[in-house]
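Trainee: Right, I'll just put the structure down here and ask away after.
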Amino acid sequence: MKKRLLLLLLSPLCCLAQEDLLAGMDSVPKKQPVESAFKAIKIVNIESTKLASKGDFYFVVAHRFGSIKDGSEGAYGLDNAVTQLKFLYGLNDWLTLSAARSEQAFDFSAKYRLQEQFKDGFPFAIVAFNSIGFNNLLKESNYPEMEFSDRMIYVSQLLISRKFNNKLSLEIAPTFFHENFVENDLQDNSQYAIGVGGRYKLTNRLSLNVDYAAHLNRTSTSIYKDPLSVGVDLETGGHVFQMHFSSSQGIHEAGFLGQTTGDWGKGDIFFGFNLLRVF
């Protein structure tokens, strides 16, 4: 009788223990995504895998002075500057939309995450970038038979990055872009490039950034070169301030990928900055 009574008293405890064990088996710990591979939307010129968070609104001012090579005649680059104003909005955590305008081009873009990098999981972050632009440098006075569609530029990129540790992040960016109008008749309208870039964290607020893009089907008669850019990111509260030197004055993708004229070896480089404000 005593044994039966003891079993009746212990049976609820056994059931609870069994439920706790089953609950523990069902709850598999979630993999943690790797964050902050890049602090800014761009490495220098090339888009990074960073997206705006849901509901975040970005205002970006990108400024490129003229060539330092111009010397005192060009006020060491202060003359002939180019400025782009850009607005970005995080529609959700995986999709960022933007609109931008500069003296060189109007462009509208969508940037969307395909895959996150996870700790002890998938080793890369993969983001797609697509934009459509309108070339502002084509003037009807120079091309009287030009149509509006001749101004159009299309860009598609696959951005693949890896954050190796708390200091180093690297990215590769296979790129396709199409210009409806090219000045050189020997240059294909459809063009290919591959960009590489990286960020190395120097302090909690300061990092060194570098990016470079190799054009893969540029005609041998072209006057243009591959862009190389070196700069620093400085974080100040809700701002990220990027300062850099680049062989390209172009800010939009087709501008720096296909129409870079500068040359580091000849001192023909451009100082510039990107200022990002998050609301």
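Trainee: Could you say whether any residue in region 169-181 is in contact with a strand residue (DSSP E or B) (Cβ under 9 Å, 6 or more places away or on another chain), part of a loop (DSSP other than H, G, I, E, B) and over 30 Å from Pro33 (Cα atoms)?
Mentor: Looking through region 169-181, at least one residue is in contact with a strand residue (DSSP E or B) (Cβ under 9 Å, 6 or more places away or on another chain), part of a loop (DSSP other than H, G, I, E, B) and over 30 Å from Pro33 (Cα atoms).
Trainee: If we keep just the residues of region 148-163 that are touching a residue at least 60 places away in the same chain (Cβ under 8 Å) and either closer than 19 Å to Lys111 by Cα or out of contact with any Phe, Trp or Tyr (no Cβ under 9 Å at 6 or more places or on another chain) (or both), which is surrounded by the most Cβ atoms within 10 Å (Cβ to Cβ)?
Mentor: So, considering only residues that are touching a residue at least 60 places away in the same chain (Cβ under 8 Å) and either closer than 19 Å to Lys111 by Cα or out of contact with any Phe, Trp or Tyr (no Cβ under 9 Å at 6 or more places or on another chain) (or both), the one surrounded by the most Cβ atoms within 10 Å (Cβ to Cβ) is Leu159.
Trainee: Considering each residue of region 54-79, count those that are among the basic types (Lys, Arg) and part of a loop (DSSP other than H, G, I, E, B), and give that number.
Mentor: Selection size over region 54-79: 1.
Trainee: Right, here's the next one. Tyr154 is checked against (1) touching a helix residue (DSSP H, G or I) at 6+ places or on another chain (Cβ under 8 Å); (2) under 21 Å from Tyr112 (Cβ atoms) and fails just one. What number does that condition carry?
Mentor: The single condition Tyr154 does not satisfy is (1).
Trainee: Sticking with this one: Just need a number here: residues in region 150-168 that are in a strand (DSSP E or B) and among the aromatic types (Phe, Trp, Tyr).
Mentor: 1
Trainee: For the condition within 24 Å of Leu206 (Cα to Cα) and touching a residue at least 24 places away in the same chain (Cβ under 8 Å), what is the one hit in Lys39, Lys31, Lys69, Lys111?
Mentor: Lys39
Trainee: Go through (1) assigned to a strand (DSSP E or B); (2) more than 26 Å from Asn130 (Cβ to Cβ); (3) small (Gly, Ala, Ser) for Gly265 and report which single condition fails.
Mentor: Gly265 satisfies every listed condition except (1).
Trainee: I've got another one for you. From the residues in region 86-130 that are among the hydrophobic types (A, V, I, L, M, F, W, C) and touching a Lys or Arg at 6+ places or on another chain (Cβ under 6 Å), which one is farthest from Val60 (Cα to Cα)?
Mentor: Among those residues, the one meeting the criterion is Phe118.
Laboratory data are not the source of any read-out in this text; all were calculated from the coordinates shown. This one's a predicted model, so the numbers in the text were calculated from it and none came from an experiment. Here Cβ is always computed from backbone atoms with ideal geometry, including for glycine, and neighbour counts include all displayed protein chains.
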